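The values are calculated or read from the model by the stated rules, or taken from the named source; none is laboratory data. What you see is a predicted model, and the numbers here were worked out from it, not measured in a lab. So basically every Cβ, Gly included, is an ideal-geometry build from the backbone, and we count neighbours across all protein chains shown.
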Amino acid sequence: MNWYPKLYLGKSAREKKEKLIQKIESGKTPVNVYLLTLPSGEANQLEIVPAWNLNFPHIRARLPMIVGLGYGRAEAFELVRRIAEDVYRETDGADLREYFEEKITDYQE
């Protein structure tokens, strides 16, 4: 799994971060946990993927970088809002994909 170094976490997910990541990494899929990932297609900015989708090998194998982790659907949507606000604050724009791709490049250098 490819995790964004400064992973966005919902309030409930933050309290259980290590345990949730460990379960996801080991192939166990926690209930009611959602991953925010970079999009696999060209049209989207981010994707919200229920962790149970990782039970499907073709999804797990092709999962893009995980940038956020939310416990519950509402928390996942709140994270999207928070990410969009952060990106707008930093760039005066709303291109989430480009923002993360640039950040990832910065971390790799």
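Test of understanding: among 18, 78, 25, 85, which residue is acidic (Asp, Glu), out of contact with any Leu (no Cβ under 7 Å at 6 or more places or on another chain) and within 19 Å of residue 103 (Cβ to Cβ)?
85
List the number of the failed condition for residue 72; all other conditions in (1) at negative phi; (2) at pLDDT below 95 hold.
(1)
Scan region 5-45 residue by residue and report those that are at pLDDT 90 or above and within 17 Å of residue 62 (Cβ to Cβ).
Of everything in region 5-45, those that are at pLDDT 90 or above and within 17 Å of residue 62 (Cβ to Cβ) turn out to be 24, 25, 35, 36, 37, 38.
Inspect all residues belonging to region 83-90 and state whether any of them is over 12 Å from the mean Cα position of the chain (by Cα), surrounded by 16 or more Cβ atoms within 10 Å (Cβ to Cβ) and either not acidic (Asp, Glu) or not in a helix (DSSP H, G or I) (or both).
Checking region 83-90: at least one residue is over 12 Å from the mean Cα position of the chain (by Cα), surrounded by 16 or more Cβ atoms within 10 Å (Cβ to Cβ) and either not acidic (Asp, Glu) or not in a helix (DSSP H, G or I) (or both).
When the residues of region 64-75 are filtered to those that are over 9 Å from the mean Cα position of the chain (by Cα) and either of a type in the set (Val, Ile, Thr) or buried (at least 18 other Cβ atoms within 10 Å of the Cβ) (or both), which remaining residue is nearest to residue 2 (Cα to Cα)?
Here the residue is 71.
Take region 62-77 and flag every residue that is assigned to a strand (DSSP E or B) and among the small types (Gly, Ala, Ser).
68, 70
Can you find a residue that is farther than 14 Å from residue 65 by Cα, hydroxyl-bearing (Ser, Thr, Tyr) and in contact with a Leu (Cβ under 8 Å, 6 or more places away or on another chain) anywhere in region 31-52?
Looking through region 31-52, none of the residues is farther than 14 Å from residue 65 by Cα, hydroxyl-bearing (Ser, Thr, Tyr) and in contact with a Leu (Cβ under 8 Å, 6 or more places away or on another chain).
Mind telling me which of the residues 80, 49 ends up being buried (at least 17 other Cβ atoms within 10 Å of the Cβ) and assigned to a helix (DSSP H, G or I)?
80
What do you reckon, is residue 59 outside any loop (DSSP other than H, G, I, E, B), among the β-branched types (Val, Ile, Thr) and without any contact (Cβ under 8 Å) to a residue 60 or more places away in the chain?
Yes.
Find all pairs meeting these conditions: Cβ atoms under 7 angstrom apart; at least six residues apart or on different chains; first residue within region 20-38 and touching a residue at least 60 places away in the same chain (Cβ under 8 Å); second residue of a type in the set (Phe, Trp, Tyr).
38/100
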